[in-house]
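Enquirer: The following block contains the structure, expressed as C-alpha coordinates.
The values are calculated or read from the model by the stated rules, or taken from the named source; none is laboratory data. Bear in mind the structure is a predicted one, so any value in this text is a computation, not a measurement. Note that each Cβ is placed from the backbone with ideal geometry, even for glycine, and that neighbours are counted across all protein chains shown.
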Amino acid sequence: MKKIQVITLFPEMFDGVFNSSMMWKAQECKAVEFRLINLRDFGLGTRKRVDDTPYGGGDGMLLMPEPLFAAIEDAKKFDPNAKVALLTPKGERWKQATAQTWADGDNGYIFVCGRYEGYDERILTLVDEQVSVGDYVLTGGELPAMAVIDTIVRLIPGVLGGENSAAIESFSDGQTLEFPQYTRPEVFQGLEVPKVLLSGNHAEIAKWRKENSLKSK
Ligand code: 4GX
(Lines give C-alpha, C1' and ligand atoms only; values in the text may rest on other atoms or scores of the structure.)
Protein backbone atom coordinates (compact mmCIF):
# COMPACT_ATOMS: atom_id res chain seq x y z
CA MET A 1 0.00 0.00 0.00
CA LYS A 2 1.41 3.34 -1.09
CA LYS A 3 1.58 5.98 1.63
CA ILE A 4 0.96 9.55 0.53
CA GLN A 5 1.42 12.27 3.14
CA VAL A 6 0.77 15.97 2.73
CA ILE A 7 2.22 18.75 4.87
CA THR A 8 -0.02 21.81 4.67
CA LEU A 9 -1.47 24.72 6.63
CA PHE A 10 -4.87 23.90 5.07
CA PRO A 11 -5.51 20.15 5.46
CA GLU A 12 -9.28 20.68 5.10
CA MET A 13 -8.72 21.63 1.44
CA PHE A 14 -7.95 17.96 0.73
CA ASP A 15 -11.09 16.47 2.33
CA GLY A 16 -13.36 16.69 -0.69
CA VAL A 17 -10.72 15.47 -3.11
CA PHE A 18 -9.52 12.51 -1.01
CA ASN A 19 -13.08 11.45 -0.14
CA SER A 20 -14.50 11.43 -3.67
CA SER A 21 -14.75 8.87 -6.46
CA MET A 22 -11.41 7.42 -7.59
CA MET A 23 -9.39 8.60 -4.56
CA TRP A 24 -11.99 7.16 -2.21
CA LYS A 25 -12.00 3.84 -4.05
CA ALA A 26 -8.19 3.76 -4.01
CA GLN A 27 -8.21 3.93 -0.20
CA GLU A 28 -11.03 1.41 0.12
CA CYS A 29 -9.18 -1.15 -2.00
CA LYS A 30 -6.03 -0.50 0.07
CA ALA A 31 -4.00 0.76 -2.89
CA VAL A 32 -3.15 3.96 -1.06
CA GLU A 33 -3.16 5.49 2.41
CA PHE A 34 -3.38 9.26 2.84
CA ARG A 35 -2.09 11.13 5.88
CA LEU A 36 -2.59 14.87 6.30
CA ILE A 37 -0.14 16.74 8.49
CA ASN A 38 -1.10 20.21 9.72
CA LEU A 39 2.04 22.32 9.65
CA ARG A 40 0.44 24.55 12.31
CA ASP A 41 0.84 21.67 14.82
CA PHE A 42 4.62 22.16 14.51
CA GLY A 43 4.53 25.96 14.81
CA LEU A 44 6.67 27.73 17.39
CA GLY A 45 5.48 29.26 20.64
CA THR A 46 1.97 29.67 21.98
CA ARG A 47 0.97 31.38 18.71
CA LYS A 48 2.15 28.31 16.76
CA ARG A 49 4.07 30.54 14.41
CA VAL A 50 5.21 29.11 11.04
CA ASP A 51 6.31 32.18 9.05
CA ASP A 52 8.80 35.02 9.38
CA THR A 53 10.22 37.96 7.42
CA PRO A 54 13.15 37.44 5.01
CA TYR A 55 16.71 38.35 6.02
CA GLY A 56 17.97 41.21 3.87
CA GLY A 57 14.51 42.70 3.69
CA GLY A 58 11.79 42.45 1.09
CA ASP A 59 8.06 41.95 0.85
CA GLY A 60 6.11 39.14 2.38
CA MET A 61 6.73 36.22 4.62
CA LEU A 62 8.61 32.93 4.34
CA LEU A 63 7.91 29.55 5.90
CA MET A 64 10.41 29.12 8.76
CA PRO A 65 12.66 26.07 8.73
CA GLU A 66 11.89 24.66 12.21
CA PRO A 67 8.20 23.75 11.73
CA LEU A 68 8.88 22.29 8.26
CA PHE A 69 11.81 20.20 9.52
CA ALA A 70 9.72 18.91 12.43
CA ALA A 71 6.75 18.08 10.18
CA ILE A 72 8.95 16.20 7.68
CA GLU A 73 10.59 14.31 10.56
CA ASP A 74 7.13 13.27 11.76
CA ALA A 75 6.20 12.11 8.26
CA LYS A 76 9.46 10.11 7.94
CA LYS A 77 8.74 8.36 11.24
CA PHE A 78 5.47 7.16 9.71
CA ASP A 79 7.14 6.15 6.40
CA PRO A 80 10.97 6.03 6.61
CA ASN A 81 11.54 5.37 2.89
CA ALA A 82 9.25 8.14 1.69
CA LYS A 83 10.56 10.69 -0.78
CA VAL A 84 9.98 14.37 -0.03
CA ALA A 85 8.41 16.36 -2.87
CA LEU A 86 8.17 20.15 -2.74
CA LEU A 87 5.59 21.98 -4.85
CA THR A 88 7.16 25.11 -6.32
CA PRO A 89 6.96 27.05 -9.60
CA LYS A 90 10.75 26.58 -9.80
CA GLY A 91 10.40 22.79 -9.90
CA GLU A 92 10.53 20.37 -12.80
CA ARG A 93 7.32 20.36 -14.83
CA TRP A 94 5.06 17.48 -13.82
CA LYS A 95 4.53 14.94 -16.63
CA GLN A 96 2.44 11.84 -17.21
CA ALA A 97 5.63 9.77 -17.48
CA THR A 98 6.74 10.98 -14.02
CA ALA A 99 3.34 10.09 -12.58
CA GLN A 100 3.81 6.57 -13.96
CA THR A 101 7.27 6.25 -12.38
CA TRP A 102 6.04 7.42 -8.99
CA ALA A 103 2.99 5.12 -9.16
CA ASP A 104 5.17 2.11 -10.07
CA GLY A 105 7.79 2.61 -7.34
CA ASP A 106 7.56 0.99 -3.91
CA ASN A 107 8.23 4.12 -1.87
CA GLY A 108 5.68 6.59 -0.53
CA TYR A 109 5.73 10.36 -0.93
CA ILE A 110 5.58 13.38 1.39
CA PHE A 111 4.21 16.46 -0.40
CA VAL A 112 5.20 19.79 1.10
CA CYS A 113 2.75 22.58 0.28
CA GLY A 114 4.08 26.07 0.83
CA ARG A 115 2.21 29.31 1.33
CA TYR A 116 3.37 32.91 1.48
CA GLU A 117 6.21 34.04 -0.76
CA GLY A 118 8.20 30.84 -0.39
CA TYR A 119 10.43 28.85 1.94
CA ASP A 120 13.64 29.27 3.86
CA GLU A 121 16.12 27.84 1.31
CA ARG A 122 17.57 25.41 3.91
CA ILE A 123 14.41 23.31 3.59
CA LEU A 124 15.91 22.02 0.32
CA THR A 125 18.39 19.85 2.28
CA LEU A 126 15.40 17.60 3.12
CA VAL A 127 13.78 17.68 -0.32
CA ASP A 128 14.25 14.90 -2.90
CA GLU A 129 12.13 16.33 -5.73
CA GLN A 130 10.94 19.80 -6.71
CA VAL A 131 7.76 19.69 -8.77
CA SER A 132 5.88 22.38 -10.69
CA VAL A 133 2.49 22.00 -12.34
CA GLY A 134 3.10 24.90 -14.70
CA ASP A 135 4.57 28.33 -15.25
CA TYR A 136 2.12 30.33 -13.18
CA VAL A 137 1.96 31.26 -9.51
CA LEU A 138 -0.81 29.93 -7.28
CA THR A 139 -1.50 31.03 -3.71
CA GLY A 140 -0.19 27.78 -2.26
CA GLY A 141 1.06 24.30 -3.10
CA GLU A 142 -2.22 22.60 -2.18
CA LEU A 143 -3.93 22.68 -5.60
CA PRO A 144 -0.73 21.51 -7.37
CA ALA A 145 -0.35 18.69 -4.80
CA MET A 146 -3.92 17.54 -5.42
CA ALA A 147 -3.36 17.47 -9.18
CA VAL A 148 -0.08 15.55 -8.85
CA ILE A 149 -1.52 13.06 -6.32
CA ASP A 150 -4.54 12.42 -8.56
CA THR A 151 -2.30 11.57 -11.51
CA ILE A 152 -0.28 9.11 -9.39
CA VAL A 153 -3.13 7.37 -7.57
CA ARG A 154 -5.16 6.56 -10.71
CA LEU A 155 -2.08 4.77 -12.12
CA ILE A 156 -1.58 2.47 -9.10
CA PRO A 157 -2.47 -1.04 -10.32
CA GLY A 158 -6.04 -2.03 -9.44
CA VAL A 159 -7.34 1.49 -8.90
CA LEU A 160 -8.76 2.20 -12.36
CA GLY A 161 -9.04 -1.31 -13.71
CA GLY A 162 -7.30 -2.25 -16.92
CA GLU A 163 -9.66 -0.49 -19.31
CA ASN A 164 -7.74 2.77 -19.64
CA SER A 165 -4.20 1.49 -19.38
CA ALA A 166 -3.53 1.48 -23.13
CA ALA A 167 -4.62 5.09 -23.52
CA ILE A 168 -2.51 6.15 -20.56
CA GLU A 169 0.57 4.35 -21.88
CA SER A 170 0.09 6.04 -25.20
CA PHE A 171 -0.07 9.44 -23.50
CA SER A 172 3.18 8.66 -21.63
CA ASP A 173 4.83 7.92 -24.96
CA GLY A 174 4.03 11.51 -25.87
CA GLN A 175 1.17 10.82 -28.27
CA THR A 176 -2.32 11.44 -27.01
CA LEU A 177 -5.38 9.47 -28.03
CA GLU A 178 -7.48 12.62 -27.87
CA PHE A 179 -9.61 11.98 -30.95
CA PRO A 180 -13.09 13.55 -30.97
CA GLN A 181 -15.74 11.43 -29.31
CA TYR A 182 -19.53 11.34 -29.45
CA THR A 183 -22.35 9.64 -27.61
CA ARG A 184 -26.11 9.60 -28.22
CA PRO A 185 -28.15 11.20 -29.74
CA GLU A 186 -27.06 10.82 -33.39
CA VAL A 187 -28.24 14.36 -34.11
CA PHE A 188 -28.20 17.06 -31.40
CA GLN A 189 -29.38 20.59 -32.26
CA GLY A 190 -28.72 19.79 -35.91
CA LEU A 191 -25.17 18.62 -35.18
CA GLU A 192 -24.46 15.14 -36.56
CA VAL A 193 -22.14 12.42 -35.34
CA PRO A 194 -19.55 11.62 -38.08
CA LYS A 195 -21.01 8.84 -40.24
CA VAL A 196 -17.89 6.67 -40.03
CA LEU A 197 -18.40 6.20 -36.26
CA LEU A 198 -21.86 4.70 -36.90
CA SER A 199 -20.60 2.41 -39.67
CA GLY A 200 -19.42 -0.49 -37.53
CA ASN A 201 -16.32 -0.65 -39.76
CA HIS A 202 -13.59 -0.94 -37.16
CA ALA A 203 -10.70 -0.44 -39.56
CA GLU A 204 -12.26 2.75 -40.94
CA ILE A 205 -13.02 3.99 -37.40
CA ALA A 206 -9.42 3.36 -36.29
CA LYS A 207 -8.13 5.23 -39.37
CA TRP A 208 -10.49 8.17 -38.74
CA ARG A 209 -9.46 8.37 -35.08
CA LYS A 210 -5.77 8.31 -35.97
CA GLU A 211 -6.22 11.09 -38.52
CA ASN A 212 -8.21 13.18 -36.05
CA SER A 213 -6.00 12.68 -32.98
CA LEU A 214 -4.23 15.63 -31.45
CA LYS A 215 -0.53 15.44 -32.02
CA SER A 216 1.64 15.90 -28.94
CA LYS A 217 3.24 19.28 -28.39
N1 4GX B 1 3.57 24.42 -9.28
N2 4GX B 1 2.94 27.48 -5.79
C3 4GX B 1 4.46 27.17 -3.86
C4 4GX B 1 5.01 29.08 -2.43
C5 4GX B 1 6.27 29.52 -3.13
C6 4GX B 1 6.42 30.84 -3.61
C7 4GX B 1 7.59 31.21 -4.24
C8 4GX B 1 8.42 29.03 -3.86
C9 4GX B 1 8.59 30.30 -4.34
C10 4GX B 1 3.20 25.97 -7.77
C11 4GX B 1 3.23 25.68 -9.15
C12 4GX B 1 2.84 27.26 -7.16
C13 4GX B 1 2.50 28.75 -5.24
C14 4GX B 1 3.40 26.55 -4.77
C15 4GX B 1 3.58 29.36 -4.36
N16 4GX B 1 7.27 28.65 -3.27
N17 4GX B 1 3.53 24.85 -7.15
N18 4GX B 1 4.02 28.45 -3.33
N19 4GX B 1 2.98 26.52 -10.17
O20 4GX B 1 2.48 28.15 -7.86
O21 4GX B 1 3.76 23.90 -8.06
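Enquirer: Output the residues belonging to the stretch 61-111 that are of a type in the set (Phe, Trp, Tyr), away from the ligand (no atom under 16 Å from the Cβ) and in contact with a Lys or Arg (Cβ under 7 Å, 6 or more places away or on another chain).
Expert: The one that is of a type in the set (Phe, Trp, Tyr), away from the ligand (no atom under 16 Å from the Cβ) and in contact with a Lys or Arg (Cβ under 7 Å, 6 or more places away or on another chain): Phe78.
Let's see how each residue does on (1) at pLDDT 95 or above; (2) closer than 24 Å to Ile37 by Cα; (3) in contact with a Ser or Thr (Cβ under 8 Å, 6 or more places away or on another chain):
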position	(1), (2), (3)
Trp102	yes, yes, no
Ile110	yes, yes, no
Ile123	yes, yes, no
Asp128	yes, yes, no
Ser132	yes, yes, yes
Val153	yes, yes, no
Phe188	yes, no, no
Gly200	yes, no, no
Ile205	yes, no, yes
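Enquirer: Also, I was wondering about something else. Between residues in the stretch 117-136 that are aromatic (Phe, Trp, Tyr) and residues that are more than 11 Å from the ligand (Cβ to nearest atom) and assigned to a helix (DSSP H, G or I), which pairs lie under 9 Å by C-beta distance while being six or more apart or on different chains?
Expert: Tyr119/Pro65; Tyr119/Leu68
Enquirer: Filtering the stretch 122-133 down to residues that are more than 11 Å from the ligand (Cβ to nearest atom) and among the hydrophobic types (A, V, I, L, M, F, W, C), which residue is farthest from Ala99 (Cα to Cα)?
Expert: It comes out as Leu126.
Enquirer: When you go through Tyr119, Tyr136 one by one, which is the residue that is within 15 Å of Lys90 (Cβ to Cβ), near the ligand (Cβ under 8 Å from one of its atoms) and surrounded by 13 or more Cβ atoms within 10 Å (Cβ to Cβ)?
Expert: The match here is Tyr119.
Enquirer: Kindly indicate whether Asp41 is surrounded by 15 or more Cβ atoms within 10 Å (Cβ to Cβ), more than 22 Å from the chain's Cα centre (by Cα) and away from the ligand (no atom under 12 Å from the Cβ).
Expert: The answer is no for Asp41.
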